[in-house]
Amino acid sequence: MNRSDVLPRFLADTATHELRIVVDDGVHRHLQFRRPGSYCYGFDIVTWPGHLAISGDMGTAVFNRLHDMFEFFRTKPAHHEEAGGLFVNDGYWAEKCVANDGEKKEFSADLFRALVTRLFKEYVEERVDPDDLADPDTPPEWVARLWQELELEVLNDSEDHDALSNAISAMSDFRPNDPDYSDFRITDAWEYASSLQQYTFHFLWRLYAIAHAVRAYDDAAGAAEPTGLPGDIAAPTPLAERAHA
């Protein structure tokens with residue numbers, strides 16, 4: 001799932017959420033985010049030395065990095081604005097995730113198709129010299145045959161729980177017999193495994209929730225009114241009045 005797909009959904013899911021600060025004692029914090037009168041898409045953020053945990057409707061995750069994890073996740077307002085409302089550093093933050101509901105990443109059929117398409121095009125570009133063609137805009141007939149075989153034997157868009165393994169096996173096992181392209185191979189297919197996966201919707205949603213929580217907490221702290229002196233303590237005499245006393 002792409003961040004560009006998840007952010008609008010997160011903003012819509014939490015548009016009416018309100019922040020309740022349950023605990024705020026140094027790095028020990030407990031924040032609650034809820035729709036008034038509902039727990040739908042609600043979540044809690046809890047921090048303690050070196051850790052931050054998020055739990056709620058969209059799952060649970062725990063992160064470990066700095067003594068104050070709000071410092072780790074805190075982002076400049078300009079970066080949030082540039083990112084369309086909230087910024088998340090998914091790759092780096094994911095490295096600090098020490099516990100998570102399910103897998104953080106999942107197989108992407110779109111990334112798989114994009115990879116095979118790129119390898120196919122690179123092979124064709126290496127084999128075909130436009131100067132040797134009667135019409136540079138019309139590739140040799142075997143190019144279409146090769147792509148058809150890749151579509152049928154490799155790009156099967158498997159959606160089962162072994163989708164990644166099946167995709168790697170399909171690439172590794174592809175051995176065309178057509179003499180025009182019998183040397184086409186996808187070697188070391190397992191090296192492409194990481195490029196065929198992307199972060200899950202729920203994991204990205206939780207990252208956006210953390211970014212939102214830190215920003216809301218900082219905004220609440222900045223908006224807090226000064227408490228002033230206790231009523232039984234007199235205000236000090238202004239310096240200007242002392243000078244003329």
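The values are calculated or read from the model by the stated rules, or taken from the named source; none is laboratory data. On a predicted model such as this, the values are computed, not experimentally measured, just so you know. Glycine gets a Cβ as well: all are built from the backbone with ideal geometry, and neighbour counts include every protein chain shown. We work out accessible area using only protein heavy atoms, side chains counted, and drop any ligands, DNA or RNA first. Shrake-Rupley method; radii C 1.70, N 1.55, O 1.52, S 1.80 Å.
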**OP:** Please state which one of Glu82, Glu106 is within 15 Å of the chain's Cα centre (by Cα), within 30 Å of Leu31 (Cα to Cα) and open to solvent by 60 Å² or more (accessible area, probe 1.4 Å).
**Re:** Glu106
Original post:
How many of the residues in the range 27-47 are out of contact with any helix residue (DSSP H, G or I) (no Cβ under 7 Å at 6 or more places or on another chain) and either in contact (Cβ under 8 Å) with a residue 60 or more places away in the chain or surrounded by 15 or more Cβ atoms within 10 Å (Cβ to Cβ) (or both)?
Top reply: 9
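Yes or no, residue by residue, for (1) open to solvent by less than 60 Å² (accessible area, probe 1.4 Å); (2) over 30 Å from Val22 (Cβ atoms):
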{"site": "Asp178", "(1), (2)": "yes, yes"}
{"site": "Ile186", "(1), (2)": "yes, yes"}
{"site": "Ala189", "(1), (2)": "yes, yes"}
{"site": "Ser194", "(1), (2)": "no, yes"}
{"site": "His202", "(1), (2)": "no, no"}
{"site": "Arg206", "(1), (2)": "yes, no"}
{"site": "Arg215", "(1), (2)": "no, no"}
{"site": "Asp219", "(1), (2)": "no, no"}
**OP:** Output the residues belonging to the range 85-99 that are touching a strand residue (DSSP E or B) at 6+ places or on another chain (Cβ under 8 Å) and open to solvent by 40 Å² or more (accessible area, probe 1.4 Å).
**Re:** Lys96, Val98, Ala99
Original post:
In the range 3-26, how many are at pLDDT 95 or above and either open to solvent by less than 20 Å² (accessible area, probe 1.4 Å) or among the basic types (Lys, Arg) (or both)?
Top reply: 7
**OP:** Six or more apart or on different chains, Cβ under 7 Å: which pairs go from a residue in the range 167-179 that's free of Cβ contacts under 8 Å to residues at least 24 places away in the same chain and part of a helix (DSSP H, G or I) to one that's surrounded by fewer than 15 Cβ atoms within 10 Å (Cβ to Cβ) and of a type outside the set (A, V, I, L, M)? Could you list them?
**Re:** Ala170/Glu153; Ala170/Asn156
Subject >> Scan of the range 64-96 for residues that are free of Cβ contacts under 8 Å to residues at least 60 places away in the same chain and of a type in the set (A, V, I, L, M, F, W, C), ordered by number >> reply: Leu66, Met69, Phe72, Ala78
